[in-house]
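**Student:** Below: one structure in structure tokens.
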Amino acid sequence: MNLKKELGAKIKRLRQKKGITQEQLAEMANISTRTLGGIEIGENFMTAQTMEKILECLGVNISELFNAEHLQTTKILVEELHSMINNVRDDRDKIEEIYKVVRAITTI
């Protein structure tokens, strides 16, 4: 695993999820757009101070940034979802809740 690339990609996803451009986040974090671009593609590694600024601007905490469960392959994630659903398949209420969440996500 390339830590710089994984952290950079996570920051990029968080930024995009918030609807913030690179330019906006760079300005908010008081760094150059070029520096942020380098961080997002894994060329640059950020200082602790820069990381704190970026996380504050994105409204996330350090544990969210380093959560690595999302790094599993798509195939593994799908298999885990199937397993989770199979574990609750006899519970109609839970299945309905899962359905609502998946439906909301897929109709965006």
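**Student:** Which entry in [x] 8.9; [y] 6.6; [z] 8.1 matches mean projected area of the Cα convex hull in nm² derived from the coordinates of this structure?
**Tutor:** [z]
**Student:** Past 30 Å, Cα to Cα: identify those pairs from LYS12/LYS100; LYS18/LYS100; LYS4/LYS100, in the order given.
**Tutor:** Violating the 30 Å Cα-Cα cut-off are LYS4/LYS100.
**Student:** Where is the GNM fluctuation largest for the chain (alpha-carbon springs, 10 angstrom cutoff): MET46, MET84, MET28?
**Tutor:** MET84
**Student:** Which one of CYS57, ILE31, ALA9 has its Cα pushed farthest toward the positive end of the charge dipole of the range 1-97, where Lys and Arg give +1 and Asp and Glu give -1 at the Cβ?
**Tutor:** Positive-most Cα among the choices belongs to ILE31.
**Student:** Further question on the same structure: Once fully extended, how much extra length lies between THR35 and SER63, figured as 0.36 nm per residue of separation less the alpha-carbon to alpha-carbon distance?
**Tutor:** 7.8 nm
**Student:** For every helix of n ≥ 4 consecutive DSSP H residues, a contribution of -39,500 (n - 2.57) applies; sum these over the chain, divide by its total residues, and give [θ] at 222 nm rounded to the nearest 500 deg cm²/dmol.
**Tutor:** Values: 7 runs with 77 residues, N = 108.
Computed mean residue ellipticity for the chain: -21500 deg cm²/dmol.
**Student:** Among ILE105, ILE85, ASN44, whose Cα projects farthest towards the positive end of the dipole of the chain, with charges put on the beta-carbon of Lys, Arg (+1) and Asp, Glu (-1)?
**Tutor:** It is ASN44.
Values quoted throughout were computed directly from the atomic coordinates according to the rules given, and no laboratory measurement underlies them. Fair warning: this is a prediction, and the values are worked out from it, not measured in the lab. Virtual Cβ from ideal backbone geometry, glycine too; neighbours counted across all protein chains shown.
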